[in-house]
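Single-structure report; data block below.
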Amino acid sequence: MANNKLWGGRFKGQSSHEMDEFASSIQFDYLMFNEDIQGSLAHAKMLGEKKIVSPKDYELIRDGLLSIQADYQNGSLQFDLANEDIHMNIEKILTDKIGKVAGKLHTARSRNDQVATNFHLYLKSKLLNVDKLLDNLKDVLLKLANDNIETIMPGYTHLQHAQPISFGHHLLAYYEMFNRDQERFTFNLKHTDISPLGAGAMAGTTFPIDLFLTAKELGFSKVYNNSIDAVSDRDFALEFLSNASILMMHLSRFCEELSLWMSYEFQFIELSDTYTTGSSIMPQKKNPDLVELIRGKTGRTYGDLNMLLVVMKGLPLAYNKDLQEDKEGVFDTVKTVESSLKLFTEMISTMKVNKTRMYQSTLKDFSNATELADYLAGKGMPFRDAHQLVGNLVYECIQKNVSLQNLPIDYLKNKSDLITEDVYDILKSEAAVSRRNSYGGTGFEQVKKQIQNKKK
């Protein structure tokens, strides 16, 4: 009994249903339907223009592909597991529509360069969308930072109060992270915007094709220089998964802070009811589920990256069936990144900031200790001596349950005759922040300049 697959001429036996099910990718690569139609239309047009197929055959193929696209859009298209993937499903449907002339579409083309082309087209469109989503997030962060230039909060190291800072300055730190993410995705686009179409199975073709014509038709900026590399390269997908993992790590860090800031112990912020949930047993609860989910989904992107790295690590050139495993993780990460960016941006745009609570948390925490040390160093005391003196003062304050700014002036003068009444102005949280005007620092004027620079 002859094999009824489109590639089955060499085979006499049929593959088992279990084999078809195991080898099939239609259950996920249908997501590249539009890309497959787009690639086939460009290839067919090139075949017609180079007179590899007749004008009549080209028109039949073109109209058949457009008809399939219309059927898909109105929901009347059915895919068959036995046809393995989206590419073979479309070819089978095209054959049913226009007859054997459909087979001419595959002239000078292999599934290897076809699959790679579709994957490049798919990821290129997704990279452009991620870029827009990052733009939106950065715009919201700039607005939040601008609204909170003079909102004072404790800065942390080791999760301990370190120095007072501008909340706007803290937000701009995340802006910088997301800006680097955007730059990485932009570079990723450079390696994605390359056409593999025309590489054939791995050695090119004997037909007089025009790779540059199809590349232009599909909107690619260049073509692969090597046909083997064209069908075996998945660096662009690995770059995306790596970049996505770094982006999700940044979102996760931000989510961790939002979760802390929303807690009863902090009460720095309040998240909208739209992005929080309640408890099935505890009526008072307002849980930051969205930030926890984004934090949790970060692990999915790490897993997808690791999976593809492991798939690629032992593959000889050129194409191997292992490469069927390149897409599902990318599709999963695309969905995770797009939904995370969209929802996170909406969530922080509606976030309420408790400015008073933030400021109050800097009043009794000794985060102004460095100010006193700098004050003494500025009057000529070696900084290490000043550090020791202030450290001893902090210890004494803890024993007396009093803050540095509440110590009497005589007590302070007894520690050093360099201390005068002006020390109390220096010890204010707002002074500690505003005086730090080194480039990139938390000083109010510096934060304003950074925001203006970013708006430009």
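Brief remarks follow.
- Here Ser221 passes the criteria (1) in contact with a strand residue (DSSP E or B) (Cβ under 8 Å, 6 or more places away or on another chain); (2) crowded, with 17+ Cβ neighbours inside 10 Å except the one numbered (2).
- Qualifying positions in region 197-230 - closer than 15 Å to Leu41 by Cα, in contact (Cβ under 8 Å) with a residue 12 or more places away in the chain and not small (Gly, Ala, Ser): Leu197, Ile209, Asp210, Leu211, Leu213, Thr214, Glu217, Leu218, Phe220
- Residue match in region 198-218 (condition: closer than 27 Å to Pro316 by Cα, out of contact with any strand residue (DSSP E or B) (no Cβ under 8 Å at 6 or more places or on another chain), buried (at least 23 other Cβ atoms within 10 Å of the Cβ) and modelled with pLDDT of 95 or more): yes
Quick grid of which residues meet (1) assigned by TED's automatic domain parsing to the domain that holds Lys355; (2) under 24 Å from the mean Cα position of the chain (by Cα); (3) assigned to a helix (DSSP H, G or I):
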site	(1), (2), (3)
Arg62	no, no, yes
Ser67	no, no, yes
Ser76	no, no, no
His87	no, no, yes
Ile93	no, no, yes
Gly99	no, no, yes
Gly103	no, no, yes
Asp131	yes, yes, yes
Leu141	yes, yes, yes
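- Region 118-146: number of residues that are touching a Lys or Arg at 6+ places or on another chain (Cβ under 7 Å) and over 18 Å from Arg184 (Cβ atoms): 2
- Some residue of region 235-255 being in the same structural domain as His170 (by TED's automatic domain parsing), touching a residue at least 40 places away in the same chain (Cβ under 8 Å) and either touching a Cys at 6+ places or on another chain (Cβ under 6 Å) or not in a helix (DSSP H, G or I) (or both): no
- The set of residues in region 267-277 that are touching a residue at least 24 places away in the same chain (Cβ under 8 Å) and surrounded by fewer than 17 Cβ atoms within 10 Å (Cβ to Cβ) comprises Gln267, Glu270, Ser272, Thr274.
- Residue in region 60-89 that is surrounded by the fewest Cβ atoms within 10 Å (Cβ to Cβ), counting only those that are at pLDDT below 95 and among the aliphatic types (A, V, I, L, M): Leu81
- Qualifying residue in region 109-122 (condition: at pLDDT below 95, assigned to a loop (DSSP other than H, G, I, E, B) and either surrounded by 16 or more Cβ atoms within 10 Å (Cβ to Cβ) or in the same structural domain as Gly198 (by TED's automatic domain parsing) (or both)): no
- For region 162-196, a residue qualifies if it is assigned to a strand (DSSP E or B), buried (at least 17 other Cβ atoms within 10 Å of the Cβ) and not polar (S, T, N, Q), and the qualifying residues are Pro164, Ile165, Ile194.
The values are calculated or read from the model by the stated rules, or taken from the named source; none is laboratory data. Predicted model only: the values in this text are computed from it and were never measured. Please note: Cβ atoms are built from the backbone with ideal geometry, for glycine as well, and neighbour counts cover all protein chains shown.
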